[in-house]
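A.B. asks: Before anything else, here's the structure in question.
The values are calculated or read from the model by the stated rules, or taken from the named source; none is laboratory data. Fair warning: this is a prediction, and the values are worked out from it, not measured in the lab. In this analysis, Cβ positions are derived from the backbone assuming ideal geometry, glycine residues included, and neighbour counts consider all displayed protein chains.
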Amino acid sequence: MQDQTSAQDLKDRLDLIESMIAEGRRNTESWGWTFLLWGVAYYVAIAWAGWGQHASIWGHSHVAWPVTMIVAFVLTIVIGFGKGRAQPGTTVGRAVASIWISMGISMLLLFPALSSSGRIDQHSFVASVAAMLGAANAASGMILKWKMQVACALVWWSVSVVACFGSDAQLMGVFLVGIFFGQIIFGIYVMISDAQRHKQNAVAHA
């Protein structure tokens, strides 16, 4: 009897864990817009930094990344605050959010400081950004058991490695490709998944 109770208790706990993971993934899907937002922000920063050296309308190119990242961070907080109030948080959701918030704060502190001090080159910058994004996606993907997000981590880690050994031309190309697949495409995919889930829920409750 005790063995049966223990087995049932273990099954209930496993079901609870799976339920929490599924709820955490659904919660993460509602934040898919952030991947798209930051992907666009990266493209804006790259364009600003590149063209700013040749067109006075862009201003000083060395402020491109700090300014763009700060604006993207503020937009994320403002939009996310409104969305966060509309839905209850979960333990898994808070864990995933903590990973991304920590990564965002690290980038906001590290890269403006390195840019101002001049102690980082383009290869080191891209390698560091890609490694951080790879780590955050991998941790989030493993917590949520989400293969697509783990795949994003592999994309970013590949970008990080190529940035260390590739030429200047390869560096820019692989970074743009990494942003496209790791941010833009993944963000759109997550937003579509979230929209389909809401549509299914609406049909189920109709």
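A.B. asks: Across the range 102-117, which residue is farthest from the chain's Cα centre (by Cα) among those that are within 15 Å of residue 134 (Cα to Cα) and buried (at least 16 other Cβ atoms within 10 Å of the Cβ)?
C.D. replies: 107
A.B. asks: With the structure loaded, tell me whether residue 143 is free of Cβ contacts under 8 Å to residues at least 12 places away in the same chain and closer than 25 Å to residue 31 by Cβ or whether it fails that test.
C.D. replies: Here the answer is no, as residue 143 does not meet what is asked.
A.B. asks: Return the only residue of 177, 150, 190, 162 being surrounded by 15 or more Cβ atoms within 10 Å (Cβ to Cβ) and more than 17 Å from residue 96 (Cβ to Cβ).
C.D. replies: So the residue among 177, 150, 190, 162 that is surrounded by 15 or more Cβ atoms within 10 Å (Cβ to Cβ) and more than 17 Å from residue 96 (Cβ to Cβ) is 162.
A.B. asks: Within the range 57-87, track down each residue that is closer than 23 Å to residue 121 by Cα, modelled with pLDDT under 65 and in a helix (DSSP H, G or I).
C.D. replies: 58, 61
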